[in-house]
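Q: What follows is a structure written as structure tokens; I'll ask about it next.
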Amino acid sequence: MDILGIETTCDETAAAVVRRTEDGRGKILSNIVLSQVSEHAEFGGVVPEIAARAHVEALDHIIAKAMAEAHASFAALDGIAASAGPGLIGGVLVGLTTAKAVALTHDKPLIAVNHLEGHALTARLTDATPFPYCLFLASGGHTQILGVCGVGDYVRLGGTVDDAIGEAFDKTAKLLGLGYPGGPLVEKEAAHGDPKRFALPRPMTGRRDANFSLSGLKTALRLEAEKIAPLADADVADLCASFQQAVVDVVIDRLRAGLRLFGERVGAPTALVCAGGVAANQAIRKVLHRVASEAGTTLVAPPPALCTDNGAMIAWAGAERLALGLSDPLDVAARARWPLDQVTKAPVEKVVAK
Ligand code: KG4
Ligand code: ZN
């Protein structure tokens with residue numbers, strides 16, 4: 001089956017056509033992503049109203065491009081999938097309403113995809129990873145450790161109680177005057193800094209649960225920066241290196257706790273899978289390999305372009321759901337908040353048949 005996927009929950013306007021074959025394998029026929037980074041850069045973060053307007057302006061062209069590159073026709077598609085949340089509601093409405101219009105006009109099933117489910121299932125598109133696996137999702141908006149047990153079947157093992165990891169990188173970059181998005185800029189500075197110069201906290205480490213808290217770390221960094229202001233270039237590099245090292249140590253500890261909970265609640269994972277923009281960070285990626293092998297499993301890291309927001313992950317999640325007979329009515333609502341454990345699950349007989 002061929003599915004058109006639409007993604008507009010944050011600052012990427014994206015559309016893709018993905019094919020799912022009978023044996024459950026996936027193939028990306030096109031994957032077009034337009035980043036709005038330059039439109040938000042001067043504000044040091046995503047401005048929801050600007051994002052929604054930019055989606056309105058770009059989406060039709062992005063869909064046309066995705067369809068053309070895939071040599072697809074609307075008539076030949078098997079379904080239309082769109083992120084229906086969680087995310088910035090103005091943007092979600094643009095993508096979901098567009099998907100509804102296409103589905104209605106061409107009489108195709110609509111699949112309202114939870115954006116996090118798109119991230120969660122990407123490893124099955126890229127690596128055909130079997131269930132159950134442990135997912136570490138770390139982006140600008142989300143930081144979660146999940147058990148992925150089946151389509152629509154997720155166990156939340158841990159998450160952030162305040163800022164997301166990507167958000168902490170972005171705020172650090174803003175504080176140090178580095179620009180937006182902050183992750184890659186902080187990583188670049190950290191490469192030539194001293195990670196031991198500043199003693200920053202490692203919040204939540206040593207706890208049995210698998211939760212994160214990043215806001216205290218960010219505040220500690222600000223206080224250190226204020227103490228030595230004005231900052232020389234070497235100070236900025238040392239602050240970045242110390243910050244990144246603290247995040248790395250937190251990630252190691254929290255993922256160990258997450259994998260332990262996975263073992264208790266789910267069983268043995270087929271893999272540790274990472275997703276989200278933060279997984280592009282080389283220092284973090286390195287420790288993910290280590291933590292996975294310590295837990296007797298391997299790391300599956302989809303290519304960075306499929307770790308960050310894109311239409312292919314939404315099309316694929318739509319295909320996995322439609323293959324199990326799951327689709328949505330045209331009046332399905334867009335949702336700013338939508339925890340992954342509240343998505344609909346396939347009926348048991350369908351899961352067994354597949
Ligand atoms: O998944 P993503 O593209 O978008 C969403 O937030 O949904 O993730 C973007 C986030 C930003 O906060 C960005 O600063 C962070 O991922 N990021 C990184 C790196 N590259 C992107 N964080 C740390 N190191 C990086 N190399
Ligand atoms: Zn995302």
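Q: Which numbered condition trips up GLU349, out of (1) modelled with pLDDT of 85 or more; (2) part of a helix (DSSP H, G or I); (3) acidic (Asp, Glu)?
A: (1)
Q: Give me the residue from segment 14-65 that is modelled with pLDDT of 95 or more and closer than 21 Å to ALA334 by Cβ and, out of that set, farthest from ligand 1 (Cβ to nearest atom).
A: Restricting to residues being modelled with pLDDT of 95 or more and closer than 21 Å to ALA334 by Cβ, the top hit is ASP60.
Q: Sort out which residues of segment 163-184 are small (Gly, Ala, Ser) and within 8 Å of ligand 1 (Cβ to nearest atom), and write them in order of number.
A: Of the residues in segment 163-184, the ones small (Gly, Ala, Ser) are 164, 166, 168, 173, 177, 179, 182-183.
Matches in segment 163-184: ALA164, GLY166, ALA173, GLY182, GLY183.
Q: Starting from segment 203-227, keep only residues that are at positive phi, then list their pairs with residues that are of a type in the set (Gly, Ala, Ser) and surrounded by 15 or more Cβ atoms within 10 Å (Cβ to Cβ) whose Cβ atoms are within a distance under 6 Å, requiring at least 6 positions of separation or different chains.
A: Pairs that qualify, where the first residue is at positive phi and the partner is of a type in the set (Gly, Ala, Ser) and surrounded by 15 or more Cβ atoms within 10 Å (Cβ to Cβ), are MET204/SER213.
Q: Give ALA301, ALA279 a once-over and let me know the one that is buried (at least 19 other Cβ atoms within 10 Å of the Cβ), under 12 Å from the mean Cα position of the chain (by Cα) and small (Gly, Ala, Ser).
A: ALA279
Q: Okay, moving on. Of LEU137, LEU121, LEU146, LEU176, which residue is of a type in the set (A, V, I, L, M, F, W, C), more than 14 Å from ligand 2 (Cβ to nearest atom) and either over 30 Å from SER327 (Cα atoms) or surrounded by 21 or more Cβ atoms within 10 Å (Cβ to Cβ) (or both)?
A: On the way: LEU137 fails: more than 14 Å from ligand 2 (Cβ to nearest atom); LEU121 fails: more than 14 Å from ligand 2 (Cβ to nearest atom); LEU146 fails: more than 14 Å from ligand 2 (Cβ to nearest atom).
Within the list LEU137, LEU121, LEU146, LEU176, the selection yields LEU176.
Q: Something else now. When you scan segment 290-309, do you find a residue that is in contact with a helix residue (DSSP H, G or I) (Cβ under 9 Å, 6 or more places away or on another chain), of a type in the set (Ser, Thr, Tyr) and over 16 Å from GLY166 (Cβ atoms), even just one?
A: Yes, segment 290-309 contains a residue that is in contact with a helix residue (DSSP H, G or I) (Cβ under 9 Å, 6 or more places away or on another chain), of a type in the set (Ser, Thr, Tyr) and over 16 Å from GLY166 (Cβ atoms).
Q: In addition: Select the strands (runs of 3 or more DSSP E) contained entirely in segment 110-191, then report the ones holding at least 2 residues which are touching a residue at least 40 places away in the same chain (Cβ under 8 Å), within 21 Å of ALA15 (Cα to Cα) and of a type outside the set (D, E, K, R).
A: Ranges flagged: 110-114.
Q: I need every pair where a residue in segment 29-44 that is assigned to a helix (DSSP H, G or I) has its Cβ under 6 Å from the Cβ of a residue that is surrounded by fewer than 20 Cβ atoms within 10 Å (Cβ to Cβ), sequence separation at least 6 or different chains.
A: GLU39/ILE50; HIS40/VAL47; ALA41/TYR180
Q: In addition: Would you please name the residue that is surrounded by the most Cβ atoms within 10 Å (Cβ to Cβ), looking only at residues in segment 48-78 that are small (Gly, Ala, Ser) and over 15 Å from GLU7 (Cβ atoms)? Spell out how you get there, then give the answer.
A: Pass one, segment 48-78, residues small (Gly, Ala, Ser): 51-52, 54, 58, 64, 66, 68, 70, 72-73, 75-76.
Retained after the next criterion (residues that are over 15 Å from GLU7 (Cβ atoms)): 64, 68, 70, 72-73, 75-76.
Working: ALA64: 12, ALA68: 12, ALA70: 22, ALA72: 18, SER73: 10, ALA75: 8, ALA76: 9.
Looking at residues that are small (Gly, Ala, Ser) and over 15 Å from GLU7 (Cβ atoms), I get ALA70.
Q: Return the pair list, or none, for Cβ contacts closer than 7 Å from residues in segment 12-26 that are loosely packed, with under 13 Cβ neighbours inside 10 Å to residues that are not in a loop (DSSP other than H, G, I, E, B), at least 6 apart or on different chains.
A: none
The values are calculated or read from the model by the stated rules, or taken from the named source; none is laboratory data. Here the structure is a predicted model, which means the values were calculated and not measured. Methodologically, a virtual Cβ is constructed for each residue, glycine included, from the backbone with ideal geometry; neighbour enumeration extends over all protein chains shown.
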